[in-house]
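Heads up: the structure comes next, in structure tokens.
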Amino acid sequence: MHIDRMINQKPPFLSLEFFPPKEEKDWETFFGRVEKLRALSPLFVSITCGAGGTSKTNTLEIASRLQNEMGLETMAHLTCLGGNKEDINHSLEQLRASEVNNVLALRGDPPKEGATSLTQPDFTYAADLVSYIREHAPDMGIGVAGYPEAHPESSSIAVDRRHMKEKLDRGADFLVTQFVFDNRVYFEFIERMRELGVTQPIIPGVLPVLSLKSVRYILSLSGASVPGRFYLQLQEAHERGGVAEVRRLGIAFAREQVRGLLEGGAPGVHLYTLNQADPCLQIAEGIF
């Protein structure tokens, strides 16, 4: 079923994001953690595309197993930068064959410095991919991603929001945000997007902070910001009790953030699981 139809049927909801393990030997552990999280009855789950050295083949195979063996409505990330129409057609055919009926349409990351330059002109932006899928695979549900604090490569917040609107105007069904740590950022983003005429659901992303090292690395890549007070609390927690205390504080903060988002009117919450089950179970306990 298309995810946008499910969103309208079951507010408020929880959805979960996973990434493919780098090594196939880690799959058993991965699926064991997913099995634990089935207890939360997520509206849908998403699986990222080839992150950290994994391949698109892993994404497709894991998406198929989540959908067909675990009974979870699954959205596969699909990137277009550096690909061509034949690549996209092949991926869509594989997804259809696996009964995965939803994709998150993404541009993808540009080549790292020193890598071979891009030569394929078929797709430049995620909006191009959305248009192509909507025309050539009208049976596919389409989600897109958005940065409430603007994409790190964008020239301005206003320009970035126009790009996000374009993706939705070209046929995307809903938008999932990059993680935010300040709920006010999400609600202000919603207000601005509605003023632009966007009517589709916009789902906030929440990332639990499980260590200072990881959050510093993630923030350096994402363009998101952490409220100063919370960051100071994390530093104090690390000095007081190390990683375990930071983890406890991060889970408690995410739990209150989820409560605040739902109470403020968010249709649901997309939880970036980091492939960890226990923290997600603690965050969701008594809320979903």
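Bear in mind these aren't lab numbers, they're just calculated from the coordinates by the rules spelled out. The model shown is predicted, which means the values in this text are computed figures rather than measured ones. Don't worry about glycine lacking a Cβ; one is built from the backbone with ideal geometry, like all the others, and counts go over all protein chains shown.
Working note: Karplus 6.51/-1.76/1.60 with θ = phi - 60° gives the range 160-175 the couplings 4, 5, 5, 5, 5, 4, 4, 4, 6, 5, 7, x, 6, 8, 6, 10 Hz, where Gly and Pro are set to x. Once backbone amide H atoms are built at 1.01 Å from N, L104 has A76, H77, L78, G143 as its partners under 5 Å, excluding neighbours fewer than 5 places away on the same chain. Starting from the Kirkwood radius over alpha-carbon pairs of the range 178-265, derive D by Stokes-Einstein at 4 °C in a medium of 1.567 mPa s and give it in µm² s⁻¹. Value of D from the Cα-based Kirkwood radius: 93 µm²/s. What separates the Cα centres of the range 122-173 and the range 10-37 is a distance of 26 Å.
Mean 1/r over all different Cα pairs, inverted: what Kirkwood radius does the chain give, in Å? Taking every pair of different Cα atoms in the chain, averaging 1/r and inverting gives 19.5 Å. Residues M70, M193, arranged from fewest to most other Cβ atoms within 10 angstrom of their Cβ, appear as M70, M193. In order along the range 39-48, the phi-based Karplus estimate (6.51 cos²θ - 1.76 cosθ + 1.60, θ = phi - 60°) of 3J(HN,Hα) comes to 4, 7, 6, x, 4, 7, 10, 10, 10, 6 Hz; Gly and Pro are listed as x.
Estimated from helical segments only, the mean residue ellipticity of the chain at 222 nm is -15000 deg cm²/dmol, where each DSSP H run of four or more residues counts as -39500 (n - 2.57).
A straight Cα-to-Cα reach below 16 Å connects K25 with the aspartates and glutamates E61, residues fewer than 8 places away in its own chain not being considered.
Put simply, the amide H of F181, placed in the peptide plane, has neighbours under 5 Å in S225, leaving out anything fewer than 5 places away on its chain.
What longest range of the chain stays clear of loop-exposed trypsin sites (Lys or Arg not before Pro) (DSSP non-H/G/I/E/B, at most 14 other C-beta within 10 angstrom)? Here the longest run is 113-288. How high is the relative contact order of the chain, in percent, counting Cα pairs under 8 Å that sit 6 or more residues apart? The value is 20 percent.
In the range 132-288, the ratio of gyration radius to Kirkwood radius, Rg to Rh, stands at 1.00 when only Cα atoms are counted.
Going from the fewest other Cβ atoms within 10 Å to the most, the residues E69, E256, E149 appear in the order E69, E256, E149. Residues whose amide H falls under 5 Å from that of Y147, counting only those 5 or more places apart or on a different chain, are Q178, with hydrogens built in the peptide plane.
In order along the range 248-262, phi translates into HN-Hα couplings of 4, 5, x, 5, 4, 5, 5, 4, 5, 5, 4, 4, x, 5, 5 Hz, rounded to whole numbers, per the Karplus curve 6.51 cos²θ - 1.76 cosθ + 1.60 with θ = phi - 60° and x for Gly and Pro.
Pairs from the list K36/K167; K10/K56; K56/K85; K22/K167 with a Cα-Cα gap above 24 Å: K36/K167; K10/K56; K22/K167.
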